[in-house]
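K.L.:
The structure is given below, and queries will be raised subsequently.
The values are calculated or read from the model by the stated rules, or taken from the named source; none is laboratory data. Please read these numbers as outputs of a predicted model, since none were measured by experiment. All Cβ positions, glycine included, derive from the backbone under ideal geometry; neighbour counts span all protein chains shown.
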Amino acid sequence: MPFIQIRYEDIYFDPKVQKMCVSPAFTCPYYNHTWSCPPVAPYLEEEVSTYKQFFLVYSKFDLETYIKEMKAKHPRRSEMRIRNSFYMKSMYHNDLETEMEEFLHQYQSPYEKRLVLYDGSCKVCYSKKDGKCTYDSGNPCRHPDEKRYSMEAVGIEVIRTVISLKADIEYPSNKYNYRFGLACFK
């Protein structure tokens, strides 16, 4: 399973990251529509600083090979259409969740508390077949103890964090699709 142990100092926080979800050029469809996204997601720089161990857990998918295979099957489809279709489908893949579960299962050091951050919006209700998030209805979160904040939702600048690590991760990449999560322990 791919992961890198990092230091707290390697994690770049910026309150502006939470505002990137909505701008004149782009508004994330989940902004102000889920309990795990801005504007209700908390800024967690101070909270994360209280943890002692940090692991960047990630999944890596060979997008370049996938595009070639899809072009061979569907020669009339453009690369852009194949990419867009992949990204829409990948929002509901559980590859990062699988990597995170494997990492957490093998993590043997004792800890008092853990915080796990994922990418994208929380998909707990979707994966449990409960339907969409209760946020828009005004009802409380169905699964508050399982709610998944993304790194960006809590103010982490993921691209800057990953690039600064000087790890063997080609990011951003046209060849690979990466999904990142952060496991914090104290």
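K.L.:
Looking at (1) under 26 Å from K16 (Cβ atoms); (2) without any contact (Cβ under 8 Å) to a residue 12 or more places away in the chain, which one does V162 not meet, given that it meets all the others?
P.N.:
Tallying (1) under 26 Å from K16 (Cβ atoms); (2) without any contact (Cβ under 8 Å) to a residue 12 or more places away in the chain, V162 fails exactly one: (2).
K.L.:
Restricting to the range 128-158, give me the number of residues that are surrounded by 14 or more Cβ atoms within 10 Å (Cβ to Cβ) and free of Cβ contacts under 8 Å to residues at least 40 places away in the same chain. Give the steps one after another, and end with the answer.
P.N.:
Quick first cut of the range 128-158, residues surrounded by 14 or more Cβ atoms within 10 Å (Cβ to Cβ) only: 133-135, 141-143, 147-158.
Cutting the leftovers down to free of Cβ contacts under 8 Å to residues at least 40 places away in the same chain gives us 142-143, 151, 158.
Of the residues in that region, 4 qualify.
K.L.:
If you check Y8, Y43, Y12, which single one turns out to be touching a Pro at 6+ places or on another chain (Cβ under 6 Å) and at pLDDT 95 or above? Don't jump to the end; show me each part of the working.
P.N.:
Values: Y8 fails: touching a Pro at 6+ places or on another chain (Cβ under 6 Å); Y12 fails: touching a Pro at 6+ places or on another chain (Cβ under 6 Å).
Residue meeting the stated conditions: Y43.
K.L.:
Looking at Y58, Y51 in this structure, which one is at pLDDT 90 or above and in a strand (DSSP E or B)? Before you say what the answer is, go through the steps one by one.
P.N.:
Numbers: Y51 fails: in a strand (DSSP E or B).
Only one candidate qualifies: Y58.
K.L.:
Name the helices (runs of 4 or more DSSP H) wholly within the range 83-186 that hold at least 3 residues that are more than 20 Å from V48 (Cα to Cα) and modelled with pLDDT under 95? Don't jump to the end; show me each part of the working.
P.N.:
Working: elements: 95-106, 124-127, 158-164.
In the range 83-186, 95-106, 124-127 are the helices (runs of 4 or more DSSP H) which contain 3 or more residues that are more than 20 Å from V48 (Cα to Cα) and modelled with pLDDT under 95.
K.L.:
From the residues in the range 61-82 that are hydrophobic (A, V, I, L, M, F, W, C) and part of a helix (DSSP H, G or I), which one is nearest to G131 (Cα to Cα)? Full working, then the answer.
P.N.:
Initially, the range 61-82 is screened for residues hydrophobic (A, V, I, L, M, F, W, C), giving 61, 63, 67, 70, 72, 80, 82.
Imposing the further condition that a residue be part of a helix (DSSP H, G or I) reduces the set to 63, 67, 70, 72, 80, 82.
On the way: L63: 29, I67: 31, M70: 31, A72: 36, M80: 30, I82: 27 Å.
Only one residue fits best here, namely I82.
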